[in-house]
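One structure is given below, encoded as structure tokens.
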Amino acid sequence: MRPLTGIVCSMSLCALIDAAAAQDTRPTAARPGLAELVKIESFQTTRRADNYGIASFVLSNGTDKKIDSVELTCWMDDDRDRATTVLVWANQPVPAHASYQFKNVNIGVVGPNSRSQCEVTRVD
């Protein structure tokens with residue numbers, strides 16, 4: 001009976017190790033309602049000669065915590081399937097319930113007559 005007990009304990013230990021290894025150490029994913037708390041306002045884009053989109057916008061922090069960085073998901077012409085993800089760091093933390101102007105943010109390749117859109121998908 002002891003060998004069986006050792007196998008069961010080993011399998012339990014393996015399950016615990018697998019669960020610990022599977023934990024994600026990335027920043028907390030956007031929770032429902034984040035779009036209402038952290039908003040992009042005055043979003044404007046220009047296209048450089050190399051077809052990269054450069055965005056300027058105001059980020060409004062409606063949370064109770066400061067924001068050091070935001071992850072944006074950006075897409076063109078309502079085609080979310082081909083979206084890009086951009087991590088943007090503020091020069092200084094955006095205080096709770098305050099706004100911050102971001103300028104010259106590279107949002108990826110854009111088309112000549114495309115319309116770019118971005119949304120906040122994660123904050124740190």
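Taken together, the values in this text are just the output of simple stated rules run on the coordinates, not laboratory data. Keep in mind it's a predicted model, so treat the numbers as computed, not measured. Using ideal geometry, Cβ is built from the backbone for each residue, glycine included, and neighbour counts are taken over all protein chains shown.
Specify the residue that is nearest to the chain's Cα centre (by Cα); the eligible residues are those in segment 36-55 that are within 18 Å of Asn104 (Cα to Cα) and exposed (fewer than 13 other Cβ atoms within 10 Å of the Cβ).
Glu41
Condition check: of a type in the set (Val, Ile, Thr) and over 21 Å from Leu34 (Cα atoms). Does Val86 satisfy that?
no
Scan segment 47-86 residue by residue and report those that are within 14 Å of Gln117 (Cα to Cα) and of a type in the set (Lys, Arg).
Result: Arg47, Arg80, Arg82.
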